[in-house]
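Structure first, commentary second.
The values are calculated or read from the model by the stated rules, or taken from the named source; none is laboratory data. Since the structure is predicted, the reported quantities are computational estimates derived from the model, not experimental observations. For neighbour counting, all protein chains shown are included, and Cβ atoms are generated from backbone atoms with ideal geometry for every residue, glycine included. These area figures cover heavy atoms from the full protein model, side chains too; ligands, DNA and RNA do not enter into them. Shrake-Rupley method; radii C 1.70, N 1.55, O 1.52, S 1.80 Å.
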Amino acid sequence: MEDWRRQERICVAITGASGAAYGMRLVEVLLTAGVRVYLLISDAARIVCREELDLELPPTAEAVTRFLNERFGTEPDLLSVYAQDDWFSPVASGSNAAPAMVVCPCSGGTLAAIAHGLSGNLIERAADVMLKEGLKLILVPRESPISTIHLENMLTLARMGVRILPASPGFYHRPQKIEDLVDFIVARILDQLGLPNRIGRRWGDGEGVPAAD
């Protein structure tokens, strides 16, 4: 698989919307490809991980780092997990921000906070940094139906250059299992990050090639 190490760093935030599998798979693919990941996990996301993935995350950021490194079998120096109130983390300041940030999945509450410049926790602050520094920010909302408030918040952010990438997988690749649907969205996120990938099948292509051997 392609080595994206020269892309340096990507901040990934997982919030409490349903669809934790999207965020975890994104982290796995990035780490496997050699990308340094700053990972932010909300308290609500921990609950969703437990309910949807049977994934019981340890209580501290350091323990989560060790847990995920072991789970994914990746290099230990590539992943850094930060607590919601760790205001000394690199992503809390524009002086050391990652070049790109993905909120996946993005809850309606987090969407609203970002759209209105709130910084009540590290996820919201990190997103605010991306906006003020003119860096790449991708939000992956997973909500249905979508209210007028959600739509207005998305439009507000889209006008500022934020990529809104709903977790709405296609079916032209003939998915055989849930993981195929998850990979469809993860591949689209990687495309928006400018990272080459061969996850799944693209429109007009033949059979897809797995992300890893």
- line: Row for segment 1-95, column shape: gyration tensor on C-alpha, a ≥ b ≥ c, rounded if a/c < 1.5 i.e. under 1.5, prolate if a/b over b/c, else oblate; value oblate
field: Those GluC sites (Glu not before Pro) in segment 13-105 that DSSP places in a loop and that have at most 11 other beta carbons within 10 Å
entry: 56
query: At a 1.4 Å probe, what is the % contribution of carbon and sulfur to the accessible area of segment 9-193?
result: 52 percent
task: Among 111, 165, 151, determine the one that fluctuates most according to a GNM of the chain built with springs between C-alpha atoms less than 10 Å apart.
output: 151
- prompt: Of all the stretches in the chain, which is the longest one without any exposed loop site, taking chymotrypsin sites (Phe, Trp or Tyr not before Pro) in a DSSP loop (any state but H, G, I, E, B) with at most 14 other Cβ atoms within 10 Å?
  reply: 1-86
statement: In nanometres, the difference between 0.36 nm per residue of separation and the alpha-carbon distance of residue 119 and residue 191 is 23.1 nm
field: Between segment 92-111 and segment 141-172, the Cα center-to-center distance that results, in Å
entry: 15 Å
- prompt: Out of segment 99-175, which trypsin sites (Lys or Arg not before Pro) are coil in DSSP terms and have no more than 10 other C-beta atoms within 10 Å?
  reply: 159
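Tell me, what is the per residue accessible area of the chain in Å², probe radius 1.4 Å? Please report the intermediate quantities before stating the final value.
Numbers: 10480 Å² over 213 residues.
Averaged over the residues of the chain, the accessible area is 49 Å².
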query: GNM on the chain, C-alpha springs below 10 Å: top fluctuator among 98, 187, 158?
result: 158
task: With runs of 4+ DSSP H residues as the only contributors, calculate the mean residue ellipticity of the chain at 222 nm using -39,500 (n - 2.57) per run, divided by the residue total and rounded to the nearest 500.
output: -12000 deg cm²/dmol
statement: Of the convex hull enclosing the alpha-carbon atoms of segment 9-193, the direction-averaged projected area in nm² is 10.1 nm²
